[in-house]
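Data first, discussion second: the structure below is written as structure tokens.
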Amino acid sequence: MRLRELLLSVILLTIGFHPTAKADSKLTGTIIGSPAIDYSTGTMSTSVNTCEMAFDGKFSTFYASYDRSYTWVGLDLGTPHVITRVGWSPRSSNDGPSRVILGVFEGANREDFMDALPLYIIDERGTIGEMSFSDVDCSVGFRYVRYIGPSDVRCNIAELEFYGHEGAGDYSRLYRPTNLPLVTIHTQNGEIPYDKEHNIEAILTIIGTDGSILSEPGSIRERGNGSRTFPKRPYRIKFDKKQQVLDAPAKAKKWTLINNYGDKTLLRNLLAFELSRRMSMPYTPYAQSVDVLLNGEYKGNYQLCDQVEVNKKRVDIEEMTPQDNSGVALSGGYFFEIDAYASEGTSWFKSSQGNPVTVKSPSSDSITTEQFSYIKNHFNTMERQWNQYLDLNTFLRHFLVGELSGNTDTYWSVFMYKQRQNDTIFTGPVWDFDLAFENDKRTYPVTNKSDYVYRSGGSYTGNMKSFVDKIVISNVPAKKRMLEIWDEARQGGLTEEYLIAYTDSLSDMLQSSQRLNFLRWPIMNQKVHQNPTLWGSYDAEVENVRRFIQKRITWMDNKLGYEYISPTDSIAETTIPTNINYNRPYEVFRMNGQYCGHDLNMLPRGLYIVRQGLIRRKVEIGADGLR
């Protein structure tokens, strides 16, 4: 290349000119779109504000749709084209420039757009009388292209332009609006989910951060209880066949999209699930922050999460059949929930101690009379004789996650399960933390309270408060075991420094997505759900969580009567002749400082250091035990 041509190329790139944009022409085709409105009559229009006016080259005219949301205008290009550039100009009105924010461009090869993929999302105001442009980073060829207006604006677009070249393209480059994975859902006939019972046919597409794409038929419906009352709805999606989603452990049909509407940090559930892992719960639900599009409309930041159900990589128990009505088969497995909303369902009972219980598996449409009676009777027996039938390890770990996070909903809903040929009832997994980490006006500020959250204004269903009291307040062996579990977690890395660093990593990951989310849902300066105060910005909301963590771990140490000493501190033997009280919790280390737990009885022969508070003692375990 000659020097003059090279310099010209550098100049053009510097000012934003791209060779592909020059080589690709402005595309034309058959104009398609949603019905238009005549504002003067409020009726559908075939003469004013029509789809054609979005492509007439005039800034003074505009397309406006009859319906307020999920409306669109575009082109049938006749054959697939790779789109490399899009342009737009807002309606010439006072609110026109803001009405394009979160407008979405899509391409598809089905006339009904069920297979559509996003091309670009507008994230800033438009300019009246001027075209705004963006290059498109999607290598797939599309026959049909369109612009979907943001929610509740009747589309209202003055001009649209599409640039590209003919070709089928490939899937080497797919667009995502942020650094997060993208979930895009297109329903049959554009039907919008409206309740928890009706499954609407859909194509479910998930684009990963590595460029991978999963696009399969399935369905969508609403989910949740209290969370369904928010304008940002929660959803359950279900593939027709089991799928491995992103990096989730489970291969399953059902997945949830948690809305996190009242949690303005968008990270409380993710942080609580990390507490669950740190507390060594047998199963912690998979969760990943994602952006969500529904029929081309941006719905916000969601949490793609496991559907909590019986599955080898979820609640790992035997899945019963209607034939399992006697003998060993009748003993399990059962998955159920102590549930404040139990009476709204069909397969539920009130226990002998007044706690409402929903049986999740076997499902309400397959459970037999024998199975229902068995689990009801066994649950009632467990309530009366919890020290014989309740697994204390999972119950106490579940309790500690709830209290460390300051979760006011811990005993509003509690998942439990029972395995086959095992009389023990286990607790878990943990779930639902949108009110945790100092986000509930009924208990704020949590760390100023002297007692546990569930005893200080937290929500609980039935008589769960008295049931929990029997274990964590009144039972000495249970309290001792809880202190040992807490010690395991603290010595295993559950520290203030770690949790704050983890919170910061989540916040950093969410920066781009939270910006779009709060453009879609401008509630940062509104109190929603149980918000105790207005912090005014996303970063300030996260800082509230950080402050809570800094105070709460110390609060928990004090409440449990625990003195945290870092395992990196010296473990040299104490010179003061003070004995270890082996009836109280203690930690054991090898002579090189390696942590060995809190029980000498199971360790092999050798020399160890036992630490109890500030006391350290060297001990020897021989063939005949402790010397």
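Read-outs throughout are calculated quantities, based only on the coordinates presented, and are distinct from any laboratory measurement. On a predicted model such as this, the values are computed, not experimentally measured, just so you know. For neighbour counting, all protein chains shown are included, and Cβ atoms are generated from backbone atoms with ideal geometry for every residue, glycine included.
Between ASP240 and THR79, the FRET efficiency estimated from the beta carbon spacing at R0 = 25 angstrom works out to 0.25. Per the Debye calculation on segment 175-327 with a single equal scatterer at every Cα and no solvent contribution, log₁₀ I(q)/I(0) for q = 0.08, 0.19 Å⁻¹ amounts to -0.24, -1.28. What you get for segment 13-166, charging only the Cβ of Lys and Arg (+1) and of Asp and Glu (-1), is a dipole of about 200 debye around the Cα centre.
Of the GluC sites (Glu not before Pro) found in segment 497-569, those that fall in a DSSP loop while having at most 16 other beta-carbon atoms within 10 Å are GLU563. The loop-placed trypsin sites (Lys or Arg not before Pro) in segment 146-179, going by DSSP, that have at most 16 neighbouring Cβ atoms within 10 Å of their Cβ come out as ARG173. Cross-link reach is defined here as a Cα-Cα straight distance under 21 Å, omitting same-chain residues fewer than 8 places apart; for LYS527 the lysines meeting it are LYS232, LYS264, LYS299, LYS441. Listed from fewest to most Cβ neighbours within 10 Å, the set ILE157, ILE375 follows the order ILE375, ILE157.
Sorting GLU309, GLU488 by the number of Cβ atoms found within 10 Å of their own Cβ, with the fewest placed first, yields GLU309, GLU488.
Working ranking of peptides 38-51, 223-236 by packing, defined as the average number of other Cβ atoms within 10 Å per residue, highest first, is 223-236, 38-51. Only lysines eight or more places from LYS58 in sequence, or on another chain, were considered; those with a Cα closer than 20 Å are LYS26. Relative contact order for segment 13-166: 33 percent, from Cα pairs under 8 Å spaced at least 6 residues apart, divided by residue count.
Taking neighbour counts of Cβ atoms within 10 Å as a proxy for exposure, in what order, fewest first, do ASP210, ASP539 appear?
Numbers: ASP210 8, ASP539 12.
Listing ASP210, ASP539 from fewest to most nearby Cβ atoms yields ASP210, ASP539.
A simple spin-label model places pseudo-atoms 7 Å from Cα toward Cβ; at ASN189 and THR554 they are separated by 6.2 nm. Sorted largest first, the principal axis extents computed over the alpha-carbon atoms of the chain equal 91, 69, 43 Å. With contacts taken as Cα pairs under 8 Å and at least 6 residues apart, the chain reaches a relative contact order of 9 percent.
Straight-distance candidates among the lysines for linking to LYS312, with alpha-carbon spacing under 27 Å and chain neighbours fewer than 8 residues away dropped: LYS196, LYS238, LYS241, LYS242, LYS251, LYS253, LYS254, LYS360, LYS376, LYS418.
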